[in-house]
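Worksheet: the structure to be examined is printed underneath.
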């Protein structure tokens with residue numbers, strides 16, 4: 001009697017005017033009529049339509065409690081309760097969640113059929129202080145009941161995804177990074193259990209601060225898995241399967257259409273990237289079946305040596321922890337530039353250790369002209385005539401041609417004549433200009449990257465597709481990336497493989513500036529490889545796992561989710577390490593054999609272009625050319 005409805009409605013309005021994401025609700029079974037419930041729900045709906053601020057409406061059933069004036073009253077009848085939930089779902093706008101407390105019903109699964117989409121807070125630490133005699137169901141029970149009704153259970157933050165996706169409107173500035181840091185790509189809560197931030201990463205971050213970098217140590221005590229950390233990811237693959245597919249809903253519809261021979265369009269790819277719970281395992285199984293049909297059971301790898309010839313770069317990619325400005329001695333590491341002799345010697349050393357490929361990538365040094373890349377190519381070719389030179393990103397060749405004022409096709413033809421054999425797909429990041437405007441605003445745009453590879457394919461260079469995911473982008477951006485590269489492959493046929501590269505956040509400037517997520521979740525990693533396999537069906541046959549960012553244990557799971565290739569042994573890979581990855585800089589054939597052996601699949605060394613390797617070539621000792629400057 002002393003609660004005034006007008007005050008409550010005014011508070012609801014004030015919250016809307018102040019752009020505060022809001023939770024409200026109704027208590028059912030306290031003597032009100034159906035019309036009273038409808039009036040309350042309509043008032044909430046109208047306020048939301050004016051301001052867009054109501055995230056969820058809790059529909060709670062009354063239970064009598066000792067010590068209260070109504071303790072002798074009857075509890076809310078179940079039929080009245082389920083009807084109230086259904087009314088809420090029908091009356092409220094679609095973007096407002098309907099919540100029911102699962103601990104206040106002895107059996108709560110049927111509430112999902114009435115329209116519940118949210119279980120509210122379920123604490124493993126604190127009891128329901130209003131109803132301490134009604135303990136929360138544990139997460140296993142909540143998962144079991146939810147999945148039995150045909151739904152998947154996902155953790156969320158206090159702020160719901162639609163509101164988290166518009167932080168400038170809905171979040172106080174002091175909360176924006178906290179929300180982003182705990183979000184996945186769909187603005188739900190990160191769902192990876194388990195790891196602890198390694199001491200070595202703490203030390204590296206502290207060293208950056210000691211060197212004068214203006215960063216804050218954040219994420220130090222994370223309990224979540226993330227790329228680059230030497231901790232085993234949670235096991236999502238292989239999933240426990242009962243044989244025939246058990247799914248229903250949007251993901252099942254997409255997989256059914258795919259198995260009927262239909263390609264995945266943008267919306268279908270986005271749907272698959274939203275898979276959770278058992279859906280992830282089903283997608284992984286579909287991808288692995290396709291992998292077996294397309295390339296068989298062989299697990300391939302190439303023996304290669306990375307040569308990152310300079311870490312000085314004139315571009316300002318906000319995610320890059322590797323490149324340095326010419327005067328950025330205050331950042332971790334010292335700017336360097338290898339001589340041509342250094343490069344030739346490293347190529348020769350790689351050949352002597354069994355490498356068949358040298359991978360050349362570096363920053364865009366202010367002193368480079370386009371002839372530099374030609375000189376590097378000739379230096380390697382003279383030192384090791386049989387070495388496959390896999391080098392220079394779309395940014396590097398575009399910049400090289402531009403600095404010479406030369407047509408890109410002519411320039412790439414000169415590189416081919418000098419000995420360049422294939423182009424890496426890096427510098428792609430995410431092929432969507434909305435994302436690139438934030439990640440790498442001064443870099444080549446989406447069409448320029450695609451055009452560089454189109455021209456490369458035209459002059460006889462093969463290349464691959466990469467995607468760097470897990471920083472600021474969302475699943476729709478991933479889908480556009482896959483479709484744009486698939487369309488180019490349909491045109492040229494020049495891509496050899498797809499290589500997902502998870503964002504490594506620990507020393508990345510954009511993360512240290514509190515403007516990015518801490519890389520993808522493991523669920524997102526599994527889906528990127530599996531969905532990539534499905535999306536590229538008939539276009540790109542090889543899907544590669546980047547063990548240097550995921551670890552060998554992570555790669556083993558992905559080999560059961562559509563992956564058939566482990567990439568290179570990567571002697572001296574520096575770019576991932578500079579971003580904070582803590583995995584090794586070299587894997588051996590024995591490492592790969594140990595990884596593959598439990599799967600019962602053959603391990604096969606390949607060439608860069610997926611041919612057989614002629615080991616007899618390594619019996620010829622390469623010679624390093626005369627001194628160069």
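Some notes on this structure:
- Test result for residue 429, over 30 Å from residue 615 (Cβ atoms) and either in contact with a strand residue (DSSP E or B) (Cβ under 7 Å, 6 or more places away or on another chain) or in a strand (DSSP E or B) (or both): yes
- Every residue from region 69-80 that is over 14 Å from residue 105 (Cα atoms) and either within 51 Å of the chain's Cα centre (by Cα) or not in a loop (DSSP other than H, G, I, E, B) (or both): 74
- Verdict on residue 496 being crowded, with 24+ Cβ neighbours inside 10 Å and at pLDDT 95 or above: no
- Restricting region 363-384 to residues that are out of contact with any strand residue (DSSP E or B) (no Cβ under 8 Å at 6 or more places or on another chain) and part of a helix (DSSP H, G or I), the residue that is surrounded by the fewest Cβ atoms within 10 Å (Cβ to Cβ) is 371.
- Scanning region 91-130 for residues that are under 16 Å from residue 25 (Cβ atoms) and exposed (fewer than 15 other Cβ atoms within 10 Å of the Cβ) yields 93, 117, 121, 130.
- Among residues of region 402-418 being without any contact (Cβ under 8 Å) to a residue 40 or more places away in the chain and farther than 13 Å from residue 451 by Cα, the one that is surrounded by the fewest Cβ atoms within 10 Å (Cβ to Cβ) is 405.
- Residue within region 449-457 that is in the same structural domain as residue 418 (by TED's automatic domain parsing), surrounded by 22 or more Cβ atoms within 10 Å (Cβ to Cβ) and over 17 Å from residue 432 (Cβ atoms) present: yes
- Against the conditions (1) part of a loop (DSSP other than H, G, I, E, B); (2) in contact (Cβ under 8 Å) with a residue 12 or more places away in the chain; (3) under 36 Å from the mean Cα position of the chain (by Cα), residue 94 satisfies every one except (2).
- For residue 260, the criteria (1) out of contact with any strand residue (DSSP E or B) (no Cβ under 6 Å at 6 or more places or on another chain); (2) more than 27 Å from residue 144 (Cα to Cα); (3) at pLDDT below 95; (4) surrounded by fewer than 21 Cβ atoms within 10 Å (Cβ to Cβ) hold in every case but one, which is (3).
- Residues (within 17 Å of residue 165 (Cβ to Cβ), outside any loop (DSSP other than H, G, I, E, B) and free of Cβ contacts under 8 Å to residues at least 60 places away in the same chain) located in region 472-488: 477
- Listed conditions (1) touching a strand residue (DSSP E or B) at 6+ places or on another chain (Cβ under 8 Å); (2) free of Cβ contacts under 8 Å to residues at least 24 places away in the same chain are all met by residue 71, apart from (1).
- Tally, over region 503-544, of residues that are modelled with pLDDT under 95 and within 18 Å of residue 425 (Cβ to Cβ): 2
- Scanning region 336-362 for residues that are surrounded by 24 or more Cβ atoms within 10 Å (Cβ to Cβ) and modelled with pLDDT under 90 turns up just one, 362.
For every residue, the table says whether it meets (1) more than 12 Å from the chain's Cα centre (by Cα); (2) buried (at least 24 other Cβ atoms within 10 Å of the Cβ); (3) in a strand (DSSP E or B).
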{"site": "491", "(1), (2), (3)": "yes, no, no"}
{"site": "504", "(1), (2), (3)": "no, yes, no"}
{"site": "515", "(1), (2), (3)": "yes, no, no"}
{"site": "519", "(1), (2), (3)": "no, yes, no"}
{"site": "530", "(1), (2), (3)": "yes, yes, no"}
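- The residue list 175, 168, 142, 157 contains one member that is under 20 Å from residue 96 (Cβ atoms) and modelled with pLDDT of 50 or more, which is 157.
The values are calculated or read from the model by the stated rules, or taken from the named source; none is laboratory data. Quantities reported herein were computed from a predicted structural model and do not represent experimental measurements. Ideal geometry is used to build each Cβ from the backbone, glycine not excepted, and the neighbour counts take in all protein chains shown.
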